[in-house]
1. Ranked from highest to lowest mean number of other Cβ atoms within 10 Å per residue, what is the order of the peptides 76-87, 170-181?
2. Which of the peptides 125-137, 51-63 is most tightly packed, and how do the rest follow, judged by the mean count of other Cβ atoms within 10 Å per residue?
3. Please compare each pair in Lys99/Lys149; Lys108/Lys156; Lys122/Lys149 to a cut-off of 22 Å on the Cα-Cα distance and tell me which ones are over it.
4. Count charges around Ile44 for me, please; just the other residues with Cβ under 13 Å from its Cβ, Lys/Arg as +1, Asp/Glu as -1.
5. Less than 15 Å from a label point 7 Å out along the Cα-to-Cβ axis of Gln106: which backbone N atoms in region 151-171 qualify, by residue?
6. Under a point spin-label approximation (7 Å from Cα along Cα-to-Cβ), what is the Leu188-Lys135 distance to one decimal in nm?
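Just so you know, all these numbers are worked out from the coordinates, no wet-lab data involved. Bear in mind the structure is a predicted one, so any value in this text is a computation, not a measurement. A quick note on method: Cβ atoms are made from the backbone with ideal geometry, for glycine too, and the neighbour counts reach across all protein chains shown.
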Amino acid sequence: MELEKEIIKEVLRRAENENIQDIKDSWDMRGFIGRKKKEIAEEIKSYKQEILTYQDELKGLRKELTEGKNTIEDLESQKQKLQEEITQLTQDLIVEKAKSGVKAEQKKVLESRQKLLPAALKSVQIYLKDGSVAKAKPAQKLFSEDIYKKYRVELKENHILKTQLSELELENKRLSIELRDFYAELMLEGMDTTQNQKQESKESLLEKSENTTKKEKLTAKSSQVIDSQGEFIATQEDISEFKQMLKAQKEKKSKK
């Protein structure tokens, strides 16, 4: 509207100095501008319509993209759950296999024990007149069931005692090795003390004499617990005293 007013003002201004032909040209120019204005308005309208259409399409694409992302996240979570389930099932399968193997081994052990343990005679094989072999029950038992039960108990106790004896032998060997190392350390310490005797005072000499007396006592005691074959034989009291001795020696070394 303002553009039309400007055109009219421009025509009136020129009308004073121009002729009718110029005014006519001005009116033709006004019509041309009006047509161009309409064309531009129509193009702008079509552009706006296209923009709205593209915006709607863009909204649809964004919605599809969001739905796709959500679907991917759901699938990822399902994949993670399935992987965890597969891992758990694999672990359960391994455990079940291990359990079945242990049960089979236990069954074999029980069967072998039943074979080793004595039991009453249940059946015997006999030859018939035609040369065939048949099974039959024995007419009488050679031993009563109480004897078999007592034998089983004694056999089990014997096995336990053998196990304990093996453990005591291992402990005895370990203590003999520790005793040997202990006396070797005492000998080395004795050598060191002899080298430092000239530099020590009278009080230190008295202490060394006391230590030497203790060492002699220990040597005498060790000679009592070692037999002619060089094997270590110790009582429970000797073992406890030896452990206390080792503990005191270790505390002395740590203080140094």
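1. Details: 76-87: 10.0, 170-181: 13.7.
Order by mean packing, descending: 170-181, 76-87.
2. Numbers: 125-137: 7.8, 51-63: 10.0.
With the highest mean Cβ count within 10 Å placed first, the list reads 51-63, 125-137.
3. Numbers: Lys99/Lys149 31 Å; Lys108/Lys156 18 Å; Lys122/Lys149 16 Å.
Beyond 22 Å between Cα atoms: Lys99/Lys149.
4. On the way: positive: Lys36, Lys37, Lys38, Lys45, Lys48; negative: Glu39, Glu42, Glu43, Glu50.
Charge balance near Ile44 sits at +1.
5. Under cut-off, by backbone N: nothing.
6. In this crude spin-label approximation the distance works out to 6.9 nm.
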